[in-house]
Amino acid sequence: MKAVQFAEYGGPEVLRVVDVDEPHAGAGQIRIAVRAAGVNGIDWKVRAGHMRDMMPLTLPVGTGYDAAGIVDEIGEGVRGVAVGDAVFGNGSATYAEYALLESWHLKPAELSFEEAAGYPIPVETAVRILNQVGVNAGQTLLVSGAAGGVGSAVLQIARHRGIAVIGTASEQNQSYVASLGATPTSYSPGLVERVRALAPEGIDAALDIAGMGVIPDMIALTGEPKKVLSIADFSAPKLGAQVSAEPLNAAGALKQAAELFATGAFSIPVRKTFLLAEAAAAQALSATSHGIGKLVIKVS
Ligand SMILES: NC(=O)c1ccc[n+]([C@@H]2O[C@H](COP(=O)([O-])OP(=O)(O)OC[C@H]3O[C@@H](n4cnc5c(N)ncnc54)[C@H](OP(=O)(O)O)[C@@H]3O)[C@@H](O)[C@H]2O)c1
């Protein structure tokens, strides 16, 4: 099969489309014929070697963790899914014609494979960090990096839970943030004053999704370091804030997203699609860390 791999750590140019043996579903796994693969920040961070101490890899290795496609092999012990089902979920080496998934959910028929491929990591992350930071209906949450993949998921799940959100984005993405039910503001200097004016009653919790040095401002706004959580700035604990990195109940999060999608309350737009041969361009664009919604590799 065709797959995108890298044989050395480095820039996007180390990615190659190669012919490799097809993987086979082990216990607890399913194999899908990949229709589309989601592009996430972790993809280029792993490829660049930034994660090599935390996630040692044997090279050459495939890239990508999210995908949507058609089930064509079922591993031992797997129940509730059949060959031929359309699913979306998390696995490994997903920029390929076939990939193994560890967590999945049935794809709603009206949800395109391209859009579904963009959901797994953002949706799992959004559910996890909203639960971990501890914010409830009727409270106000500040989100830094509100327009991207994870931000889009956080804003919509928070809205469903009755949480008011103030979300930061660049000027061109303010109306997108407002369309997801949040109050947009810019991330230029003066954030504390702008947010205080927008939420005079105070901020109950804050999520740093973009990881751009906003933790001290978030602590000033919540008044309590523990009510601030980052997924991209691992220096946060030095200031008493939380970090979150370990996936938790991915299948449960996908189920929630599928249910919300079915009611019209959830969608993450696909900003741009790429072919397998364009994986380097997709990861290079992802690494700029700007823009709304998701980048997706269209496989078939
Ligand atoms: N720890 C975990 O479990 C975990 C899980 C998932 C993702 N992540 C990490 O979380 C980060 C975000 O992921 P993502 O998929 O949402 O990325 P993304 O889709 O690329 O979105 C990044 C967002 O950051 C915003 N941004 C850029 N510069 C900013 C700044 N100075 N201040 C505030 N916002 C800024 C951008 O907004 P504009 O376009 O409006 O500029 C963009 O919407 C990545 O680093 C990713 O690797 C961590």
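The numbers here are math on the coordinates, done by the rules we state, and not lab data. What you are looking at is a predicted structure, and each value in this text was computed from that prediction instead of being measured. All Cβ positions, even for glycine, are placed from backbone atoms using ideal geometry, and neighbour counts span all protein chains on display.
Each principal axis of the Cα atoms in the stretch 123-243 has its own extent, and those three values, largest first, are 35, 31, 25 angstrom. Simple point charges give the picture: +1 on the Cβ of Lys and Arg, -1 on the Cβ of Asp and Glu, and for the chain a dipole about the Cα centre of about 520 debye. Shown for the chain: lysine pairs separated by 8 or more places, or found on different chains, whose C-alpha atoms are under 19 Å apart, numbering 9.
Report summary: the helix-based calculation at 222 nm, which adds -39500 (n - 2.57) for every DSSP H run with n ≥ 4 and divides by the residues of the chain, gives -7500 deg cm²/dmol. Based on Cα contacts under 8 Å between residues 6+ apart, the stretch 141-294 shows a relative contact order of 22 percent. Axis of helix 120-133 versus longest Cα principal axis of the chain: the two differ by about 30°, to the nearest ten degrees.
Can you sort 221, 142, 59 by how many other beta carbons sit within 10 Å, fewest first?
Result, fewest neighbours first: 59, 221, 142.
Dimensions of the chain from C-alpha coordinates, computed as largest minus smallest value along each principal axis and given longest first, are 58, 41, 33 Å.
Of interest is the spacing of the C-alpha centroids, which for the stretch 177-251 and the stretch 1-73 amounts to 31 Å.
Taking the charge dipole of the chain about its Cα centre, with +1 at Lys and Arg Cβ atoms and -1 at Asp and Glu Cβ atoms, the residue from 160, 250, 61 reaching farthest to the positive side is 160. Estimated at 0.36 nm per residue, the fully extended path between residue 284 and residue 220 surpasses their Cα-Cα distance by 19.6 nm.
Computed over every Cα-Cα pair of the stretch 1-156 and binned at 5 Å starting from 0, the pair-distance distribution P(r) comes out as 2, 9, 17, 18, 18, 16, 11, 6, 2, 1, 0 percent.
Of the trypsin sites (Lys or Arg not before Pro) in the stretch 7-72, the ones in a loop by DSSP (not H, G, I, E or B) with at most 16 other beta carbons within 10 Å are 52.
In the chain, the sites counted are chymotrypsin sites (Phe, Trp or Tyr not before Pro) in DSSP loop states with at most 16 other Cβ atoms within 10 Å, and the longest stretch holding none of them, exclusive of the sites, is 10-233. Looking at the stretch 56-102, the GluC sites (Glu not before Pro) that sit in a DSSP loop and have at most 13 other Cβ atoms within 10 Å of their own Cβ are 76.
State whether the stretch 234-281 is rounded, prolate or oblate according to the following rule on the C-alpha gyration tensor (a ≥ b ≥ c being the square roots of its eigenvalues): a/c under 1.5 gives rounded; otherwise a/b larger than b/c gives prolate, and the remaining case gives oblate. Taking the square roots of the gyration eigenvalues as a ≥ b ≥ c, the stretch 234-281 is oblate.
Loop-resident trypsin sites (Lys or Arg not before Pro) (DSSP state other than H, G, I, E or B) in the stretch 124-168 with no more than 15 further Cβ atoms inside 10 Å of their Cβ: 161.
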